[in-house]
Amino acid sequence: MANEMITLCIDSQEVTVVKGTTILDACLQVGIKIPTLCHLEDISSHGSCGICVVEVKNSKRLVRSCITSALPGMEVSTNNERIRASRKLNLELVLANHPLECLTCERNTNCELQSLAQQLGVRESRFQRTKRNLIPLDYSSSSLVRDPNKCILCNRCVEVCSQVQGVHAIDIIGRGLRSKVSTFMDKGLGSSVCTNCGQCALVCPTGAITERSHIEEVFSDIANPNLTTIVQTAPAIRVGIGEAMGMPWGALVTGQMVAGLRRLGFSKVFDTQFAADLTIMEEGHELISRIQKKGVLPMITSCSPGWIKYIEHFYPEQLDHLSTCKSPQQMFGAIAKTYYAQQAGLDPRNIRVVSIMPCTAKKFEAGRSEMDGAFEFWKEEMALSEGERFADVDYALTTRELASMFKRVGIQFASLPEEEFDSPLGMSTGAAVIFGATGGVMEAALRTAYEVLTKKSLPSIDFTDLRGMDGIKEATVDINGTALRVAVANTLGNARTLMEQIQEGTSPYAFIEVMACPGGCLGGGGQPIPTNEAIRKKRAASIYQEDRNFEVRKSHENSEIQALYKDFLIEPLGEKSHHLLHTTYTKRGQYALFDSF
Amino acid sequence: MYELFDTIIATYKGKPGALLSVLEEVQRNTEHTYLNEQALLYIAEKMQVPLSQVYSVATFYSFFNLKPQGEHTITVCRGTACHTRGSKPLLDDVMAMLGLIETEEGEDESSYTTEDMRFTVRTVACFGQCALAPVLAVDEVIYSKMTADKLATLLKQLMAKKVKA
């Protein structure tokens, strides 16, 4: 069915658009970008800020272009004194209750409100504050900090949390002057069903939601001569960090990133991708074992900590479907403080593992009490006391925090030479880099599972059906005459669709990959701002480019992984793996957060 | 208690606006006419509504109370007409006579209740009775053209009333 086209007139220029297009989008076609504030690209329009007003002939009032459809014959003006004055007035009213603390705000120079004030020529703050009291900050979450005083009630965070993620951790509470974004009974994100995915921080136009920063702690550990600071970087960092350092969207900057980390002073620059290959070894064998031993299927990936907390809250009865594999971040930490410590002759108590993640939920994950495999490993041998208990991963920083560290020390990122990761935990394969994109873990797992099961080489290792930004993708792989049906979901809203099938017992799949964030980790809540559909596509293209750059593109062919098994772990799913690389989950429920009935 | 909630929820199940009706009836059937955390949790779970949404609705409508309410509610109109005819001094009088003190978070408080749980004082933007300004309401009864003297008598009568068993 062809889309019905309509013609209208914008600033005396004729333009033809698909029926149902908003005036805002129609204007883009004639080269005019109407300023917006609450409008959330690709997701929703709330029409609450009143910045995007335009004039429509024969309409008395200015209309909000983000929520008004273009109609045939409509005559729209986007630029006259009345429009400019109205936009500016609306912005000044928003600014009246916004603290003018730009210089000390985390979002300084990357704030939509600030840019808009500049763009619309606001030069004074004419209106008095109408809210008398400051609202306390929400520090209850280990991943995110909310400052309701900087909130302009645009509703974007609420929309992304409810409409994209289906989590509903936050909503607008109260009304009128008392309106604020908050959680049930104002108990804070930390006591809510918040999955820490951080999509709210990504869409916030101001500094009202930011990650909980650990930059100072990391700088201080780097400076401590008694510590060995090991840094690991997730696949999605190398296609994101460049943007935050002024480079084009999706710039692939692996070598510069490594060089930059070395300049920051980390003792060893390793790669989470090493642990991604390790994850594939464990998870691939877990899948094979579940299929052969008629275990619980479909098995679902467990790399995304936002997804893990989601299933713990919303589908606590289905936790058996989760792979018991820890995420690559956690596998890395456990291996760094055991195998690597042994090899390098280091006291694990003096190792600090810092991970750079595209993710805010990784902070929560690193702090989970069950993530101390290395301590348990050494406890007896080293006669460690309870007071010495240490986590496998000490700090998880976001891509944005790493950019901030680079900027603080004056690293000229774009002109850095390309350097290589340190050995041995720096070696990885193409299968590991694609963990950063939705479908990547599945593709990597299939590359290995197929070859292990069939003992044959894959005819083609590119599973293109599993790539791309569709919310749910599926594929069928023929393994020794058995059809293996698999599915991939990105965003928690899409994960819910697959979970409902499991709940009803109708899931046709053997293996499911879930990533909490749109597009997978490359669209994670810790990535540079802005992150939108167009940018995610650029980052994904670089991820697959990097995959092709590797000579070795299958996890089981990583020689350092082979050495790790030979010298330390012995075999996938073995005794050591069980203690160091696998984990358990917690039934949280949605309503059982508090003393229940 | 929860049996009653179940009956209320069953009555409105599947009807549009069910959440509002359920909250309203639960509040009416709760001692001190309010919605406590346990009730909100229970309603959210049984109706399969996100907790944040239940809280959003309960805090949006001034009709819903999230704190225990006194036996009698005195509502002082603070609309423009009543204001020009002295509703602020009236409000101050009510507060003073009941021994209530406006806290610093004044604007964040929607109501004040005496410690003995006998009186709750709240304000309203307009009763729509501007011709009779200033007006205030005690429970469901509206008193018009209020003066300080009339108020004092009214409150004395109320205070003398026996506490509900």
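3J(HN,Hα) along the stretch B:42-48: 5, 4, 4, 5, 5, 8, 6 Hz, from the Karplus curve 6.51 cos²θ - 1.76 cosθ + 1.60 with θ = phi - 60°, whole Hz, x for Gly and Pro. Size descriptors for chain B (Cα atoms only): Rg and Dmax, in that order, 17.7, 51 Å.
Averaging the sequence gap over all C-alpha pairs within less than 8 Å and six or more residues apart, then dividing by the number of residues, gives the stretch A:131-178 a relative contact order of 24 percent.
Label sites at residue A:18 and residue A:470, each approximated as a point 7 angstrom past Cα along Cα to Cβ, lie 1.7 nm apart. A Stokes-Einstein calculation at 37 °C with viscosity 0.692 mPa s, built on the Kirkwood radius of the stretch A:141-282 over Cα pairs, returns a diffusion coefficient of 184 µm²/s. Distance between the modelled labels on residue A:380 and residue A:5, one decimal in nanometres: 7.6 nm (7 Å Cα→Cβ projection).
Can you give the FRET efficiency for residue B:10 and residue B:80, using 1/(1 + (r/R0)^6), R0 = 56 Å, r = Cβ-Cβ distance, to the nearest 0.05?
0.80
Across the stretch A:157-169, coupling constants 3J(HN,Hα) worked out from phi with the 6.51/-1.76/1.60 Karplus curve, θ = phi - 60°, read 5, 5, 4, 5, 5, 8, 7, 8, 8, x, 8, 6, 6 Hz, and Gly and Pro carry x. Kirkwood radius, the stretch A:131-211, all distinct C-alpha pairs, inverse of mean reciprocal distance: 12.4 Å. Say the dipole of the stretch A:131-211 comes from +1 at the beta carbon of Lys and Arg and -1 at that of Asp and Glu; which of A:183, A:204, A:136 then lies farthest toward its positive end? Farthest along the dipole direction, towards plus: A:136. Here is the P(r) of the stretch A:215-581: all C-alpha pair distances, binned every 10 Å from 0, give 5, 27, 35, 24, 8, 1 in whole percents. The magnitude of the dipole of the stretch B:72-160, with charges of +1 and -1 set on the Cβ of Lys/Arg and Asp/Glu and taken from the Cα centre, is near 600 debye. Relative contact order of the stretch A:284-410, taken over Cα pairs closer than 8 Å and 6 or more residues apart, is 24 percent.
Within the stretch A:327-431, report the trypsin sites (Lys or Arg not before Pro) that DSSP leaves as loop and that have at most 15 other Cβ atoms within 10 Å. Filter output for the stretch A:327-431: A:389.
Each part gets one Cα centre, and for the stretch B:68-130 versus the stretch A:269-286 those centres are 64 Å apart. A crude spin-label estimate for the pair residue B:124 and residue A:456, with each label 7 Å from Cα along the Cβ direction, gives 8.0 nm. For residue A:356, the amide hydrogen comes within under 5 Å of the amide hydrogens of A:232, A:233, A:234, A:397, counting only partners 5 or more places away or on other chains and with H modelled in the peptide plane. Once the Cβ-Cβ distance of residue B:143 and residue A:128 is raised to the sixth power relative to R0 = 56 Å, the FRET efficiency obtained is 0.95. Less than 5 angstrom separates the built amide H of residue A:70 from those of A:20, A:21, A:22, A:23, all sequence-distant by 5 or more or on a different chain.
Close amide-amide hydrogen proximity is noted between residue A:299 and A:511, A:512, each under 5 Å apart and 5 or more residues distant or on a separate chain (H modeled in the peptide plane; Pro and chain starts excluded).
Residue by residue, the stretch A:196-207 carries 3J(HN,Hα) couplings of 6, 5, x, 4, 5, 5, 5, 9, 5, x, 10, x Hz when phi is fed to the Karplus relation 6.51 cos²θ - 1.76 cosθ + 1.60 (θ = phi - 60°); x denotes Gly or Pro.
Take every Cα pair under 8 Å in the stretch B:72-160 that's 6+ residues apart, average their separations, divide by the length, and report that relative contact order as a whole percent. Show your work: numbers first, answer last.
Values: 121 pairs, mean separation 34.9, N = 89.
In percent, rounded to a whole number, it is 39.
Helical content of chain B, expressed as a calculated mean residue ellipticity at 222 nm, amounts to -13000 deg cm²/dmol (DSSP H runs of 4 or more residues, -39,500 (n - 2.57) each, divided by residue number, nearest 500).
Kirkwood radius and radius of gyration were both taken over the C-alpha atoms of the stretch A:522-597, and their ratio Rg/Rh is 1.18.
Once the protein assembly as shown is represented by equal point scatterers at the alpha-carbon sites, with solvent omitted, what log10 I(q)/I(0) does the Debye formula produce at q = 0.08 Å⁻¹? Scattering profile of the protein assembly as shown, log10 relative to I(0): -0.77.
How much of the DSSP beta bridge set in the protein assembly as shown is antiparallel, as a percent to the nearest 5? Could the numbers behind the result be given before it?
Working: 37 of 67 bridges.
Bridges in the protein assembly as shown are about 55 percent antiparallel.
Values quoted throughout were computed directly from the atomic coordinates according to the rules given, and no laboratory measurement underlies them. Just so you know, these numbers come straight off a predicted model, no measurement behind them. Because the Cβ atoms are built from the backbone with ideal geometry, glycine has one as well, and the counts that use them run over all protein chains shown.
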